[in-house]
Amino acid sequence: MKKTDKKTLEEIIRVDHAGERGAIKIYEGQLLALKTIKQDEELKTIIESMKEHEKEHFEYFEKEIQKRNIKPTSLLPLWDLMGVSLGFGSAILGKKAAMLCTASVEEVIDQHYKNQIKKLGKDEEELKKKIEKFNEDENNHKNIAYAAGASNKGLYGLMDLVIKTGSRIAITISEKI
């Protein structure tokens, strides 16, 4: 029976806690732009719905951090600022950019969660099931984003690359510190 080592488990919970909080901050930034500068009720409704899923995910990892006495990443304040900025900026650029932001992040998270699921042993079946469920939610968000107009064509391709690269860097750092 494969058992999950303590370091791996701590990294998984720490980074997922940070990532779900980051997703909330991105959506908060988008909603701020949509409530002040860009008026788009349809987009606002879509984002508010996805934000609710992220809150559910974050609350689960917040409880796991506390229950298991795991130190959250030291960079939460920086990730908060960057998440709100990314969200706000993408929404200001318009619906395609806002939805591309979601699609780009979720594509990275899909691979990230799949890698985590492989690392978890039989001793962490509940955590594995939660991550599998959350991954389904994230893939649904990606599909919603593409259906709502996300595009990675033309200059959006550069934005897609920047967001994916930034997401991967944040994941790597948040696992460790």
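Please treat every number below as a calculation from the coordinates, not as lab data. Predicted model, so just to flag it, every value in this text is computed and none were measured. Methodologically, a virtual Cβ is constructed for each residue, glycine included, from the backbone with ideal geometry; neighbour enumeration extends over all protein chains shown.
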Partner aspartates and glutamates whose C-alpha sits under 14 Å from that of LYS3, ignoring same-chain residues fewer than 8 away, are ASP123, GLU124, GLU125, GLU126
For GLU126 and VAL162, extending 7 Å from Cα along the Cα-Cβ vector and measuring point to point gives, in nm, a value of 4.2 nm
Taking the chain and counting helices only, DSSP H stretches of n ≥ 4 at -39,500 (n - 2.57) each over all residues, the nearest-500 ellipticity at 222 nm comes to -29000 deg cm²/dmol
With a 18 Å threshold on alpha-carbon distance, the violating pairs from LYS130/LYS176; LYS55/LYS164; LYS96/LYS164; LYS67/LYS130; LYS7/LYS176 are LYS130/LYS176; LYS55/LYS164
The answer for SER151, listing residues at least 5 apart or on another chain whose modeled amide H is closer than 5 Å to its amide H, is LEU100
Quick calc: nm separation of the 7 Å Cα→Cβ label points for LYS118 and LYS71 -> 2.9 nm
Ranked output for segments 27-36, 117-126 by mean other Cβ atoms within 10 Å, highest leading, reads 27-36, 117-126
Restricting to Cα pairs under 8 Å and 6 or more apart, the percent relative contact order of the chain works out to 33 percent
